[in-house]
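Trainee: Here it is, the structure in full.
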Amino acid sequence: VQLVEFGGGLVQAGGSLRLSCAASGRTFSSSAMGWFRQAPGKEREFVAAINWSGGNTRYADSVKGRFTIVRDNAKNTVYLQMNSLKPEDTAVYYCAARVNGAITIATTQYAYWGQGTQVTVSS
């Protein structure tokens with residue numbers, strides 16, 4: 001599985017961005033997908049995850065109510081809609097795939113990762 005993220009950039013606090021993650025291969029529709037982020041000097045942290053069908057999602061408390069994860073299995077793509085962005089959301093955002101696995105927030109359970117996309121929120 002190869003993953004490529006799109007959509008990062010610079011935005012003012014209170015603004016919105018939508019990240020996309022395009023996956024190659026036939027296993028996307030059977031994979032749980034996750035979004036993680038890593039700020040400078042910090043460990044990679046869970047942001048959001050979605051199960052294979054899109055019927056089950058989980059969010060970090062820090063983004064709940066502001067971020068939404070959805071997927072389109074026909075397009076092999078998962079999205080992260082980010083609203084009401086804050087400077088503390090600044091980080092490199094990564095998507096990850098857990099093939100044939102259940103939804104999880106654990107970084108170690110995802111075997112496939114994208115290269116990351118930078119999100120910078122100015123105050």
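The values are calculated or read from the model by the stated rules, or taken from the named source; none is laboratory data. These figures come from a predicted structure and were not determined experimentally. Cβ sites come from the backbone with ideal geometry, for glycine too, and all protein chains shown count toward neighbours. Accessible surface areas use protein heavy atoms only, side chains included; no ligands, DNA or RNA. Shrake-Rupley method; radii C 1.70, N 1.55, O 1.52, S 1.80 Å.
Trainee: List, please: which pairs have Cβ atoms under 9 Å, are six or more places apart or on different chains, and start with a residue in region 1-30 that is more than 21 Å from GLN115 (Cβ to Cβ) and end with one that is open to solvent by 30 Å² or more (accessible area, probe 1.4 Å) and aromatic (Phe, Trp, Tyr)?
Mentor: These pairs meet every condition: SER29/TRP52; SER30/TRP52.
Trainee: Being at pLDDT 95 or above and either surrounded by 15 or more Cβ atoms within 10 Å (Cβ to Cβ) or within 14 Å of VAL1 (Cβ to Cβ) (or both): is that true of ALA91 here? Explain how you work it out, then say what you get.
Mentor: Details: at pLDDT 95 or above: yes; either surrounded by 15 or more Cβ atoms within 10 Å (Cβ to Cβ) or within 14 Å of VAL1 (Cβ to Cβ) (or both): yes.
Here the answer is yes, as ALA91 does meet what is asked.
Trainee: Another one. Of all residues in region 1-43, count the ones that are of a type outside the set (S, T, N, Q), under 19 Å from THR107 (Cα atoms), open to solvent by 30 Å² or more (accessible area, probe 1.4 Å) and not in a strand (DSSP E or B).
Mentor: Qualifying residue count for the region: 5.
Trainee: Could you please find all residues in region 99-112 being open to solvent by 60 Å² or more (accessible area, probe 1.4 Å) and either in contact with a Leu (Cβ under 7 Å, 6 or more places away or on another chain) or outside any loop (DSSP other than H, G, I, E, B) (or both)?
Mentor: If the condition is that a residue be open to solvent by 60 Å² or more (accessible area, probe 1.4 Å) and either in contact with a Leu (Cβ under 7 Å, 6 or more places away or on another chain) or outside any loop (DSSP other than H, G, I, E, B) (or both), then THR108, GLN109, TYR112 are the ones that fit.
Trainee: Quick check: is even one residue across region 91-98 assigned to a strand (DSSP E or B) and over 19 Å from PHE28 (Cβ atoms)?
Mentor: Keep residues of region 91-98 that are assigned to a strand (DSSP E or B), which gives 91-98.
Filter once more, keeping what is over 19 Å from PHE28 (Cβ atoms): 91-92.
Checked against the condition, which is being assigned to a strand (DSSP E or B) and over 19 Å from PHE28 (Cβ atoms), region 91-98 yields at least one hit.
Trainee: Here is a list of conditions, (1) in contact with an Asp or Glu (Cβ under 6 Å, 6 or more places away or on another chain); (2) at pLDDT below 95, and GLY25 meets all of them except one; can you say which number that is?
Mentor: With respect to (1) in contact with an Asp or Glu (Cβ under 6 Å, 6 or more places away or on another chain); (2) at pLDDT below 95, GLY25 is out only on (1).
Trainee: Restricting the search to region 44-71, which residues are part of a loop (DSSP other than H, G, I, E, B) and either in contact (Cβ under 8 Å) with a residue 60 or more places away in the chain or among the acidic types (Asp, Glu) (or both)?
Mentor: Of region 44-71, the ones part of a loop (DSSP other than H, G, I, E, B) are 44, 51-56, 60-66.
If the condition is that a residue be part of a loop (DSSP other than H, G, I, E, B) and either in contact (Cβ under 8 Å) with a residue 60 or more places away in the chain or among the acidic types (Asp, Glu) (or both), then ARG44, ASP61 are the ones that fit.
Trainee: Still on this structure, please answer the following. Is it the case that some residue within region 93-110 is closer than 29 Å to ALA13 by Cα and of a type in the set (D, E, K, R)?
Mentor: no
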